[in-house]
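*Asks:* Below you will find the structure I want to go over with you.
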Amino acid sequence: MKDMALSDTVLPPQPRDYHGVNWEGLKTLYVREVRRFFKVGLQTLAAPVVTALLYMLVFVVAVGGGRGVNGVAYGAFVAPGLIMMQILNNAFANSSSSLLQAKFNGMMGDFITPPLSPLELLIGFGAGAATRGLFVGVVSLAAILPFARLPVAAPWAVIYFGLGAALIMAFIGIMAGLWAEKFDHMAAVTNFVIMPMTFLSGTFYLIEKLPEPFRSFSKFNPFFYLIDGFRYGFIGQAEGSLAVGAGMTGALVLIFGWVCFWMFESGYKIKT
């Protein structure tokens, strides 16, 4: 009778233990995110490379011609911006689409059940999205090299701003994916936030050539500093302040990472 009484006792829910790291669970989530975009490689890998090459064709051959920018060949000036665009767009697309699809498939509840902690969810989704952004960036670089001679003046800047941009957009994608309730919401973020900031970032031109108020807006555009710092890593020239760009990049990674952690911790639009 005593054993039956013990077995019939209903134990209260146990709090999560965040002291240890579930390496196996974290690895599984990361591999899941990476396999997602490799399964549809034509869409996630080949399409961005074709887009970058088409931009090179239009802006370098048709528009740029033989002219240069501040003594740098126009192709070498544009190429880093195009590569960074692929990093930004693909890192955002991976984490945002993964979470939004999970909502429609009724899988969101699985992400907040033990044994994965909010920090592990943040790292898994963020690292998976950053991997896609950086991988597409490397493939785009390889595809563009035959059309633009790119020196590497400062490898640290290429790595720092490339990785920083991938993490920033991965975290923005997480926030958008958790916030959005339908695909229209995600399209609004892409069309009215991501795309305008991308095209007003100095990818194809010097921002000093822009008319007001777009010139002033560009100086407060984080994408400008990401692309400018990344371009500096290749050609050794920067239009803006590298110190401001480097500081802003690190700060945004920390701020957006904390916001994503809070969203997972609180179960923002995950718990129903």
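*Asks:* Quickly run through segment 17-53 and pick out the residues that are part of a helix (DSSP H, G or I) and either exposed (fewer than 11 other Cβ atoms within 10 Å of the Cβ) or at positive phi (or both).
*Replies:* Within segment 17-53, Trp23, Glu24, Arg35, Lys39, Gly41, Leu42 qualify.
*Asks:* Kindly indicate whether Gly257 is in contact (Cβ under 8 Å) with a residue 60 or more places away in the chain, not polar (S, T, N, Q) and not in a helix (DSSP H, G or I).
*Replies:* No: the conditions fail for Gly257.
*Asks:* Do you know which of the residues in segment 177-204 that are of a type in the set (Phe, Trp, Tyr) and either touching a residue at least 40 places away in the same chain (Cβ under 8 Å) or buried (at least 19 other Cβ atoms within 10 Å of the Cβ) (or both) is nearest to Ser216 (Cα to Cα)?
*Replies:* My answer is Phe204.
*Asks:* Can you tell me which residue within segment 241-271, out of those that are crowded, with 18+ Cβ neighbours inside 10 Å and more than 17 Å from the chain's Cα centre (by Cα), is nearest to Leu121 (Cα to Cα)?
*Replies:* So the residue we want is Phe264.
To keep it simple, each residue is scored yes or no on (1) hydrophobic (A, V, I, L, M, F, W, C); (2) modelled with pLDDT of 95 or more.
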site: Ala153; (1), (2): yes, no
site: Ile159; (1), (2): yes, yes
site: Leu163; (1), (2): yes, yes
site: Leu167; (1), (2): yes, yes
site: Ala170; (1), (2): yes, yes
site: Asp184; (1), (2): no, no
site: Ile194; (1), (2): yes, no
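*Asks:* Return the total of residues in segment 54-75 being over 17 Å from Lys209 (Cα atoms), crowded, with 18+ Cβ neighbours inside 10 Å and at pLDDT 80 or above.
*Replies:* Number of matching residues: 4.
The values are calculated or read from the model by the stated rules, or taken from the named source; none is laboratory data. Remember, it's a predicted structure, so these values are computed and weren't measured experimentally. Glycine gets a Cβ as well: all are built from the backbone with ideal geometry, and neighbour counts include every protein chain shown.
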